[in-house]
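Encoded as structure tokens, the structure appears first; notes follow it.
None of the figures in this text is laboratory data; all of them are computed from the coordinates on show. Everything numeric in this text was worked out from a predicted model, so none of it was measured. Note that each Cβ is placed from the backbone with ideal geometry, even for glycine, and that neighbours are counted across all protein chains shown.
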Amino acid sequence: MSTIEFNTHFNQMTALLHSFAYNLTKNVEDSKDLYQETAFRALRNREKFRAGTNFKAWLFTIMKNIFINNYRKKSKANTIIDSTDNLYYINSGKNTVANLAGSTILMKELTSMIESLEESIRVPFMMHYYGYKYQEIAEQLDLPLGTVKSRIFFARKELKNLLSQQYGDVLLG
């Protein structure tokens, strides 16, 4: 493909390239930069384009790859690398420590509520909680499938009642 033909084809794709650049960046100025970089690379590498192939796809691939490379550069630029001996910069930032006491207490209370359930509904419920499927529970406990489902339902209902008595509608609301 001659230089004149290449430039003609490229000029025909200008509007599509601008549109595609904006769809990638969602910013007018960034899309102009992306278009300019794409145009530069396409013109610089025009001898690599093979006549008879899809020119539009070739240009869009160049643009998409430039966008991905720029995105990766930006994401790496936000990474903090602390090269000090004692990691002063990393350790000097705002460190937050989560206080899990409330959730720990709640889990202990919930565990005691589960243990207070009748064994006939607690066992299927806990098996379901640990990931067993209804059919597996039914086979292991030698119970009908419907019985397993109803016992798990009743266990949930009883736990909901216990939680409602303990906390009112604060947790269940």
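Side notes on the structure shown:
- For a straight C-alpha distance cut-off of 22 angstrom, the lysines reachable from residue 157 (same-chain residues fewer than eight places away being disregarded) are 108, 133, 149.
- Loop sites here are trypsin sites (Lys or Arg not before Pro) outside DSSP states H, G, I, E and B with no more than 16 other Cβ atoms within 10 Å. The longest part of the chain free of them is 51-93.
- Note on residue 129 and residue 19: their simple-model spin labels are 5.7 nm apart, each label 7 Å out from Cα toward Cβ.
- Which of 110, 163, 16 has the fewest Cβ neighbours within 10 Å, and the rest in rising order: 16, 110, 163
- Calculated over the chain: convex hull of Cα atoms, volume per residue (Å³): 321 Å³
- Over the C-alpha atoms of segment 3-77, the Rg to Rh ratio, Rh being the Kirkwood estimate, stands at 0.99.
- Residue 136-residue 98 FRET efficiency (beta carbon distance; Förster radius 30 Å; 0.05 resolution): 0.25
- Helical mean residue ellipticity (222 nm; -39500 (n - 2.57) per DSSP H run of 4+; nearest 500) of the chain: -23000 deg cm²/dmol
- Note that segment 101-167 carries a Kirkwood radius of 12.5 Å, evaluated over its alpha carbons pair by pair.
- Cα lying deepest toward the dipole's positive end in the chain, options 68, 131, 112, charges on Cβ: 68
- A straight Cα-to-Cα reach below 19 Å connects residue 48 with the lysines 56, 64, residues fewer than 8 places away in its own chain not being considered.
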